[in-house]
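Here is the structure we will look at, set down as structure tokens.
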Amino acid sequence: MSAVAFTAYAVDKGKAQRGAWRIPEKVLLSLSFFGGAIGGYLAMHTVRHKTKKWYFHLVNGLGLIWQVILLVYLFQNPNILL
């Protein structure tokens, strides 16, 4: 999911530079929050896209927090996936 989020941010940045149709912000935010926070943050800082919008930092941060909590929980309880 992070690869998808990273790609979406990078594509949107390219479209912004060309003045083309853009990917809606709610799509970028959803990709970041629902599994792609690492990719979203990496893209924000790698391609310098959406870095001035505070809510992108907030959503990516919150997404990263719940994703890390979920991973820790799953590693501590490996039988839950069975």
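Please name which of LEU31, VAL11, MET1 has its Cα lying farthest along the dipole of the chain towards the positive end, using unit charges on Cβ (Lys, Arg +1; Asp, Glu -1) and the Cα centre as origin.
Of LEU31, VAL11, MET1, it is VAL11.
Considering only the other residues whose Cβ falls under 15 Å of the Cβ of THR51, what net charge follows from Lys and Arg at +1 and Asp and Glu at -1?
Net charge in that neighbourhood comes out at +3.
For the chain, find the longest principal axis of its Cα atoms and tell me its angle to the long axis of helix 37-46, 0 to 90°, nearest 10.
30
What do you reckon, how do LYS15, LYS52 stack up by accessible area (1.4 Å probe), largest on top?
From most accessible down to least: LYS52, LYS15.
Here are some values of semi-axes √(5λ) of the Cα gyration tensor in Å: (i) 35, 16, 10; (ii) 28, 12, 9; (iii) 18, 14, 12. Which one was computed from this structure?
(ii)
Please report the relative contact order for the chain, taking Cα pairs under 8 Å with a sequence separation of at least 6, and give it as a percent rounded to a whole number.
31
Starting from the Cα-Cα distance between PHE75 and ALA3, subtract it from 0.36 nm times their residue separation and give me the gain in nm to one decimal.
Stretched out fully, the PHE75 to ALA3 stretch lengthens by 23.7 nm.
With labels modelled as points extended 7 Å from the Cα through the Cβ direction, what inter-label distance (nm, one decimal) is found for TRP21 paired with TYR55?
Those two pseudo-labels are separated by 2.3 nm.
Leaving out ligands, DNA and RNA, and with a 1.4 Å probe, what % of the accessible surface on the chain is carbon or sulfur?
In the chain, the share of accessible area belonging to carbon and sulfur is 70 percent.
What angle, in degrees between 0 and 90 and rounded to the nearest 10, separates the Cα long axis of helix 54-76 from the longest principal axis of the Cα atoms of the chain?
Once rounded, one gets 20 degrees.
Calculate the dipole size of the chain relative to its Cα centre from +1 charges on Lys and Arg beta carbons and -1 charges on Asp and Glu beta carbons; express the result in debye to the nearest 20.
460
The values are calculated or read from the model by the stated rules, or taken from the named source; none is laboratory data. As the structure is a prediction and not an experimental result, all values here were calculated from the model. Glycine gets a Cβ as well: all are built from the backbone with ideal geometry, and neighbour counts include every protein chain shown. Areas reflect the complete protein model, heavy atoms only, side chains present, ligands, DNA and RNA absent. Shrake-Rupley method; radii C 1.70, N 1.55, O 1.52, S 1.80 Å.
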